[in-house]
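The values are calculated or read from the model by the stated rules, or taken from the named source; none is laboratory data. Just so you know, these numbers come straight off a predicted model, no measurement behind them. Heads up, the Cβs are rebuilt from the backbone with ideal geometry, glycines too, and the neighbour counts pull from every protein chain shown. These accessible areas exclude ligands, DNA and RNA; they are computed on the full protein's heavy atoms, side chains included. Shrake-Rupley method; radii C 1.70, N 1.55, O 1.52, S 1.80 Å.
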Amino acid sequence: PYTTLFRSLLRDAPFSVVDGPGLRGRDSLRGAIAWTVDLLGESEKRLLAWLSVFRGGVCYRAVEHMWSEAGESSDGLIDVLDRAVDSSLLHRVSGTEDRYAMLEPIRLFFVEQLRTSQEEPASENALARWCLAEAKRLDQLLGGAESVATVGTLEAERPNMRAALAWQHSRQDAQSVLELTIALSWFWTLRGDLNEGREALLLAIDPEDAGAPRQRAMALNRLAGMTRMQGDFTAAQTWYEQARL
């Protein structure tokens, strides 16, 4: 019942994104969001808060993962998710069967709730674990019969993968950074995103003690391949030689 309300708040000039003098309750976008959130149960509020760390929408399998990481039982999850959708704080992504997203002001509202509850690190770690497992799973499908669909799936997950990498870097989790970067490297290559891939790989191999020798060799080899594709053959040769060490 609130979909029209939120979209009009984003569109119409008389409304403000933040509260302030002369703005109370539903007269501000934040007030409208808070008013709707107050109508929800605690389960719906917590689910939406944990899902707010996803920047590019979230598929149902990821919802299940996050709910488990939050320490909640999977029993009744579908009902909790449906009530969140009914509130219009979460919406189904058009053209998909099981992907959900939040309007950005709503997502940011729940990010604040996460910080207040001190659950932001736990939820960001859960996102990072999801992205690493999903990237590895999808990497195995690239180059096969499902390659086109897999690239599309990874494209949809790109904002989440970037968020996971940024979080891992902020936690100085060099091993996870290296693993996720390797898992995404073929996707970047197939998409022609060579600058993004090279930058990510260079950052991933910067800590000299990150990863086992085989992992570092794989990262260096893929970095060399991207560099060669961009015509920088001298640098590519350097990376290939380091990969053999």
For Ile33, work out the one condition from (1) open to solvent by 20 Å² or more (accessible area, probe 1.4 Å); (2) touching a Pro at 6+ places or on another chain (Cβ under 9 Å); (3) outside any loop (DSSP other than H, G, I, E, B) it doesn't fulfil.
(1)
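Let's see how each residue does on (1) free of Cβ contacts under 8 Å to residues at least 24 places away in the same chain; (2) of a type in the set (A, V, I, L, M); (3) buried (at least 21 other Cβ atoms within 10 Å of the Cβ); (4) out of contact with any helix residue (DSSP H, G or I) (no Cβ under 9 Å at 6 or more places or on another chain):
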| residue | (1), (2), (3), (4) |
| --- | --- |
| Ala156 | no, yes, no, yes |
| Leu178 | no, yes, yes, no |
| Arg214 | yes, no, no, yes |
| Gln237 | yes, no, no, no |
Do we find a residue being open to solvent by 20 Å² or more (accessible area, probe 1.4 Å), in a helix (DSSP H, G or I), touching a Leu at 6+ places or on another chain (Cβ under 7 Å) and not β-branched (Val, Ile, Thr) anywhere in the stretch 99-117?
yes
(1) modelled with pLDDT of 90 or more; (2) open to solvent by 20 Å² or more (accessible area, probe 1.4 Å): which one isn't true of Gly20, the others all being true?
(1)
Which numbered condition in (1) in contact (Cβ under 8 Å) with a residue 24 or more places away in the chain; (2) of a type in the set (Ser, Thr, Tyr); (3) closer than 25 Å to Asp193 by Cβ is the only one that Ser170 fails?
(1)
For the stretch 206-215, state whether one or more residues are in a helix (DSSP H, G or I) and among the aliphatic types (A, V, I, L, M).
no
Looking only at residues that are among the basic types (Lys, Arg) and buried (at least 18 other Cβ atoms within 10 Å of the Cβ) in the stretch 216-235, which one is nearest to Ala183 (Cα to Cα)?
Arg222
Filter the stretch 125-154 down to residues that are open to solvent by 70 Å² or more (accessible area, probe 1.4 Å) and in contact (Cβ under 8 Å) with a residue 24 or more places away in the chain and give me whichever is nearest to Arg115 (Cα to Cα).
Arg129
Listed residues Leu90, Leu77, Leu81, Leu108; which is among the aliphatic types (A, V, I, L, M) and farther than 25 Å from Thr153 by Cβ?
Leu108
Among the residues that make up the stretch 136-148, is at least one of them β-branched (Val, Ile, Thr) and closer than 30 Å to Ala32 by Cβ?
no
I'm told Phe187 meets every condition in (1) surrounded by fewer than 21 Cβ atoms within 10 Å (Cβ to Cβ); (2) touching a Leu at 6+ places or on another chain (Cβ under 8 Å); (3) among the aromatic types (Phe, Trp, Tyr) except one. Can you identify the failing condition by its number?
(1)
